[in-house]
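The values are calculated or read from the model by the stated rules, or taken from the named source; none is laboratory data. Because the structure is a prediction, the values reported are computed rather than measured. Glycine also receives a Cβ, built like all others from the backbone with ideal geometry; neighbour counts cover every protein chain displayed.
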Amino acid sequence: MDSIIVTGGNALNGTIPIAGAKNACLTLMPATLLSEEPLTLTNAPRLSDIKTMQLLLESLGSEVTALNDGKVLALSSGTITNHVADYDIVRKMRASILVLGPMLAREGHAVVSLPGGCAIGARPVDLHLKALEALGAELELRDGYVHATARSGLKGGRITFPMVSVGATENALMAATLARGTTVIENAACEPEITDLAHCLQRMGAQIEGEGTPTITIQGVDRLSGATHPVVTDRIELGTYMLAPAITGGEVTLEGGRLELVSAFAEKLDEAGIAVETVENGLKVSRRNGPARAVDVRTAPFPGFPTDLQAQMMALLCTADGVSVLEETIFENRFMHAPELIRMGAQIDVQGGVARVTGVERLRGAQVMATDLRASVSLILAGLAAEGETQVNRVYHLDRGYERVEEKLAACGAAIRRVAGE
Ligand code: UD1
């Protein structure tokens, strides 16, 4: 398995291009199942999770062609030839559950394995299933698979989520586009990836109102057409690279970055003494005067501070001046990076969903282990500022969500390289 080796101490200066959003692309791709006509996604990120979704869709009979070095995905689902999303693919990636809603809506039946994914908590799919039941689906859980049927098609209904779920909102939204009548989704997720999905579905002919707000109304249509849609910018990749100069010092422009995608996060950076500025081609981030200041962070659904940036923010706060309190409210087991950061000399005390970080002057390089996608990159960020060499092992998680991380950071002056493992 590959490792990444970082030698800390270099200030970063330069430009980093931000790719299309992994999490948006992973919900846009299954939207192909809603229509017989082709769907083309531009600005797609080149990541192993995208390949996994491609394999899953191909196993169902879709054709997926990566063009322009993978930046364009041409998807076509003229006929769905297999209605079973197999455990062997689904276990690799939780987002696989997103084929359930569209396949059921178009075909009236679908069988999907219960997912695996990052080990960051229990992460059940009950909300996805309840939403589909509210649209008239009959569901049965057998042998680790969800068997879903809607013999005379899905019917519009009222879905009230007891808690905000990005994936369940996406599944419900896609399914409702082809359901008969009106569907109202209450307490819907407001993430930019949901808005992006709604915009793509609208281009395909879906009747959707209220995307980006907690109440989404969908008027079902008989069929959807093809479309071409650009994937929204990856706000998590953006936030991750905004933290690089914040940690090392220097000045980096994030090409394609927009403040409205990361406003709660940018406010925290500002509080920590990091300058964030909108420039012509994106966002510019710099830290010139001394270490960052400690700040308290509480993760929350959008527009709150994203859970997917909590690990990376912790890497910054490890060397900030003072004591920071990070509260994780979305996932119950999402501090697995803390013990690894402690190996690098950080002072972190985790009690349940709260981590207290006492800033130290310097981290020291160490051998550390990547435990999930965002944790992996937080260790790389920590390594950029640490004294000596940090070796991050098991980086396959990283490749699921970050395109060419070592190239992007090296282009700004980081001493970083990938070492191939056996
Ligand atoms: C998506 C993102 C992930 C991000 C998360 C929260 C994708 C591919 N992944 O994951 O990167 O960290 O949003 O912003 O877009 N829950 C239930 N029952 C369900 C579904 C969810 O209890 O049926 C719980 C989860 O365990 C979690 C919370 O709801 O505690 C939020 O999860 P959710 O928003 O669904 O996350 P994902 O869509 O899986």
Query raised in the report: In this structure, does residue 200 turn out to be within 16 Å of the ligand (Cβ to nearest atom), of a type outside the set (Gly, Ala, Ser) and in contact with a strand residue (DSSP E or B) (Cβ under 7 Å, 6 or more places away or on another chain)?
Result: yes
Query raised in the report: If you scan region 131-161, which residues turn out to be without any contact (Cβ under 8 Å) to a residue 24 or more places away in the chain and among the charged types (D, E, K, R)?
Result: 133, 138, 140, 142, 143
Query raised in the report: Taking region 348-397, which residues are surrounded by 20 or more Cβ atoms within 10 Å (Cβ to Cβ), away from the ligand (no atom under 16 Å from the Cβ), outside any strand (DSSP E or B) and touching a residue at least 40 places away in the same chain (Cβ under 8 Å)?
Result: 363, 365, 379, 380, 381, 382, 383, 384, 385, 386, 395
Query raised in the report: In the list 99, 125, 164, which residue meets the criterion of being closer than 23 Å to residue 374 by Cα, touching a residue at least 60 places away in the same chain (Cβ under 8 Å) and within 14 Å of the ligand (Cβ to nearest atom)?
Result: 164
Report task. For residues that are in a helix (DSSP H, G or I) and touching a strand residue (DSSP E or B) at 6+ places or on another chain (Cβ under 8 Å), tally how many sit in region 310-341. Result -> 7
Query raised in the report: So which pairs qualify, if the first residue must be in region 291-306 and touching a residue at least 12 places away in the same chain (Cβ under 8 Å), the second must be assigned to a strand (DSSP E or B) and small (Gly, Ala, Ser), the Cβ gap must be under 8 Å, and the two must be at least 6 apart or on different chains?
Result: 294/324; 295/324; 296/324; 297/324
**Report entry** Failed item, numbered, when residue 338 is tested on (1) farther than 19 Å from residue 379 by Cα; (2) more than 14 Å from the ligand (Cβ to nearest atom); (3) under 23 Å from the mean Cα position of the chain (by Cα)
**Finding:** (1)
Report task. Please verify whether region 24-42 includes one or more residues that are in contact (Cβ under 8 Å) with a residue 24 or more places away in the chain and closer than 29 Å to residue 413 by Cα. Result -> no
**Report entry** Only listed residue being out of contact with any strand residue (DSSP E or B) (no Cβ under 9 Å at 6 or more places or on another chain), more than 13 Å from the ligand (Cβ to nearest atom) and closer than 24 Å to residue 20 by Cβ, chosen from 205, 212
**Finding:** 212
Query raised in the report: Of the residues that make up region 130-144, is at least one surrounded by 24 or more Cβ atoms within 10 Å (Cβ to Cβ) and under 30 Å from residue 336 (Cβ atoms)?
Result: yes
Query raised in the report: residue 387 passes all but one of (1) farther than 22 Å from residue 344 by Cα; (2) in contact with a Gly (Cβ under 7 Å, 6 or more places away or on another chain); which number fails?
Result: (1)
Query - Answer from 248, 253, 299 - the residue that is of a type in the set (Ser, Thr, Tyr), touching a helix residue (DSSP H, G or I) at 6+ places or on another chain (Cβ under 7 Å) and away from the ligand (no atom under 16 Å from the Cβ) - result: 248
Query raised in the report: Somewhere in region 172-189, is a residue away from the ligand (no atom under 13 Å from the Cβ), touching a His at 6+ places or on another chain (Cβ under 9 Å) and in a strand (DSSP E or B)?
Result: no
Query raised in the report: Quick check, is residue 277 surrounded by fewer than 22 Cβ atoms within 10 Å (Cβ to Cβ), at pLDDT 95 or above, out of contact with any helix residue (DSSP H, G or I) (no Cβ under 7 Å at 6 or more places or on another chain) and in a helix (DSSP H, G or I)?
Result: no
Report task. Take the residues in region 190-217 that are among the β-branched types (Val, Ile, Thr) and not in a loop (DSSP other than H, G, I, E, B), then tell me which one is surrounded by the fewest Cβ atoms within 10 Å (Cβ to Cβ). Result -> 215
Report task. Identify the residue in region 398-416 that is assigned to a loop (DSSP other than H, G, I, E, B) and of a type outside the set (D, E, K, R) and, among all such residues, is modelled with the lowest pLDDT. Result -> 402
Report summary line: From the option list 137, 122, single residue qualifying as modelled with pLDDT under 95 and aliphatic (A, V, I, L, M) is 122
